[in-house]
1. Please check which bits of the stretch 431-462 a label hung off Lys296 would reach, taking the label as a point 7 Å along Cα-to-C-beta and the cut-off as backbone N under 19 Å.
2. What does the highest-first list of 400-406, 64-70 look like by mean Cβ count within 10 Å?
3. Could you check how much of the accessible area of the chain is carbon and sulfur, as a whole percent, using a 1.4 Å probe?
4. How many percent of all Cα-Cα pairs in the stretch 178-304 sit more than 18 Å apart?
5. What relative contact order, as a whole-number percentage, does the stretch 159-298 give when Cα pairs under 8 Å and 6 or more residues apart are counted?
6. Please work out the C-alpha center-to-center distance from the stretch 466-481 to the stretch 499-532 and express it in whole Å.
7. For the stretch 84-187, what class follows from the C-alpha gyration tensor (a ≥ b ≥ c being the square roots of its eigenvalues): rounded when a/c is under 1.5, otherwise prolate if a/b is larger than b/c, else oblate?
8. For the stretch 198-215, just list the computed ³J(HN,Hα) in residue order, Karplus coefficients 6.51, -1.76 and 1.60, θ = phi - 60°, integers in Hz, with x standing in for Gly and Pro.
Amino acid sequence: MKTKVKHAVAIGLVAVAVINSFAACGKKDTISSSGVSVASSRKTLKFGCQMYSAGGLDPALRPDWAWNSMRYGITESLFKFDDEMNVQPWLAESCKVSKDHRTWTIQLKKDIKFSDGCDMTATKVKESLDRVKEAGPDGSASPENYLEYDAEILADDEANTITIKTKTAYADLTGNLANPVMAIVDAAHIKDWNNGVIGTGPYAVEKFKEQVGYDLSANKHYYKEVPYDKVELLYMDDASAKTMALQSGQVDLVENITNVADIQKMKDDKNYTVDIATGVRCGFSWMNAKGVLGNKTLRKAILMAIDQESICKSNTIGGLYTAGCSVLPSSLDYGYDKLKNPYTYNPDKAKKLLDEAGIKDTDGNGIREIDGKDINLRYVSYDARLLNDFSDAHTQYLKEIGIGVTAEYGSSDDQWSKLAAGEYDFNNNNWMTVPTGDAETYMSNWYSKSTANFCGYKNEKYDALYEAYLGEKDKDKRKDYVTKLQQILIDDAAVLVDGYYNSSMIYSKNVGYAHISAADYYWLTADIVPAE
């Protein structure tokens, strides 16, 4: 599917990595770490990034770990996305699909090796995909959202193909196989699944330093030259710390500086390049329908009480988010202009709605009550992509209409574990909305039969439309279903939308080129090069 994604302020992208092999498939050679002749001085890239989880690279166990593996340049998948979110071959050469969309024959590229020196054969690819299915139920990566557990995978090493046979007819399985959860790894030789995943990417793990980051080294078996011999990946949770580290030379490249003033300084300084991609990320808070927010009147009032336009244009957030009412960004080709929002900012109307529903402050303490209990919403969030700033702003707006909020701001791991356990009223996060180049898996977050539905939302009309969407192969009809699904969520006041995030990469003059992908999966790539 094509999106309307556009790129602003371009020049360069992300960091690069370096990989030292484990020599599981033969002895190590003594050529340079990139596999080609290099200058005697070793090239090192220093990359500062958010610690989105407390370490971990196993793509089958947790989605954030899958993203780590691919973002750090360790793993690759059979297919990938270009900046228009169209699927392109990566480790695959091509794909043929049967008329019923249940048999997918994938021709693999030749001469691809894992970082341990093993050839990527059809059997290896099958082992990797089988392992994803086997490991999935023990974790929270939900790989069944991308490939059904009972799919049959056949490997033909002589023809260098794999054939995937499914019971479900997929509109485009190649997009599903592009998700980081489906990354191809050398499953037979991985001893440390947490931090020692062996992939085909330009870099591999040399050392994991807890709470500090990773030392990566160049994959000497990579199919093209790797520009850096080593990468020092340093965790930096504070946006200002990233800016100072870049200015001091501690790092050469950082992702997502979220301080508006700092990122403007970088744009204005010729010593730095800011690359921004807009369009496919949405910041939003889940509303736990199993708690007090199961009350639809309360949810409606909450949405009318919050001025999202003003928040997105504020001094702390301005320019990094675009306001919107839907869970899918307005830049995507999913009929945003056709949507109607009945809950635009109107605090007086919100108060009247609550009063008429008997949700009042009866004891004069400033907090309204439901069933005799003060409404004190548990708001879970974490410090990434300005999520805590949104949560703070939401808290202040809700206070004005007599809704109490208690903030629980921890790590992304805390946010995820509380989401999975249902221990929240609001749970704020920032998601890729088209993780397979299509909205199908993302919209399953509100499908009552999905394992990805962590908020307990249930709407029979939504479920019926979603199931029809799953079975539809025509692209235009699928888009129409998504438009209708969005409208149901809006009408139900089912989600508190922060806005649509603009991802960024910022690098110093030490880096010759880097680029932030619209998909946000690909950070450290072999395209990132030192300045000449």
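The values are calculated or read from the model by the stated rules, or taken from the named source; none is laboratory data. Just so it is clear, the model here is predicted, and its values are computed rather than measured. Don't worry about glycine lacking a Cβ; one is built from the backbone with ideal geometry, like all the others, and counts go over all protein chains shown. Accessible surface areas use protein heavy atoms only, side chains included; no ligands, DNA or RNA. Shrake-Rupley method; radii C 1.70, N 1.55, O 1.52, S 1.80 Å.
1. Only 446-449, 455-462 pass the distance filter.
2. Result, highest mean Cβ count within 10 Å first: 64-70, 400-406.
3. 47 percent
4. 71 percent
5. Relative contact order, the stretch 159-298: 9 percent.
6. 34 Å
7. Here the stretch 84-187 falls in the rounded category.
8. Per residue, the Karplus-derived 3J(HN,Hα) values read 9, x, 9, x, x, 9, 9, 6, 9, 7, 9, 10, 3, 6, 10, x, 10, 9 Hz.
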